[in-house]
Amino acid sequence: MSMLKVIEVLAESDESQDASAQVAVDTAGESVRNVRSIYIKNHEVSVKNGKINKINKYRINGKISFELD
């Protein structure tokens with residue numbers, strides 16, 4: 001039987017929500033092994049200079065699960 005651990009992460013990207021999730025997984029993978037999944041808890045965008053059509057940053061709050069050795 002395997003056991004999983006969950007960590008909560010915040011990540012951002014200039015490109016998209018998907019890119020933000022990939023940043024989260026890539027960064028977590030630098031310090032933990034056996035990453036299994038990411039659950040996106042919250043999406044957020046930052047708007048530059050208050051203009052609705054100028055999204056500056058895409059952010060996610062997610063939970064990454066990984067298998068313990």
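Bear in mind that the values in this text are calculations on the coordinates, not laboratory data. The shown structure was predicted, so the numbers you read here are calculated from the model rather than taken from an experiment. Glycine gets a Cβ as well: all are built from the backbone with ideal geometry, and neighbour counts include every protein chain shown.
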Inset, instruction - Using label points projected 7 Å from each Cα along Cα→Cβ, tell me how many nm separate Glu67 and Leu10, to one decimal. - result: 3.2 nm
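Charges at C-beta only: +1 for Lys and Arg, -1 for Asp and Glu. How large is the resulting dipole of the stretch 4-67 about its Cα centre, in Debye rounded to 20?
Dipole of the stretch 4-67, to the nearest 20 debye: 220 debye.
With all distinct Cα pairs included, what does the Kirkwood hydrodynamic radius of the chain come out to in Å, to one decimal, could you say? Could you put the intermediate results ahead of the total?
On the way: mean 1/r = 0.0784 Å⁻¹.
Roughly 12.8 Å, rounded to one decimal.
Can you count the Lys pairs in the chain whose Cα atoms are under 22 Å apart, with each pair 8 or more apart or on different chains? Could the numbers behind the result be given before it?
Details: Lys5/Lys41; Lys5/Lys63; Lys41/Lys57; Lys41/Lys63; Lys48/Lys57.
Lysine pairs meeting both conditions in the chain amount to 5.
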Inset, instruction - Please give the helix 17-29 orientation as an angle from the longest Cα principal axis of the chain, in degrees from 0 to 90, rounded to the nearest 10. - result: 40 degrees
Inset, instruction - With unit charges on the beta carbon (Lys/Arg positive, Asp/Glu negative), name the residue among Ser2, Thr27, Asn61 whose Cα is farthest towards the positive pole of the charge dipole of the chain. - result: Asn61
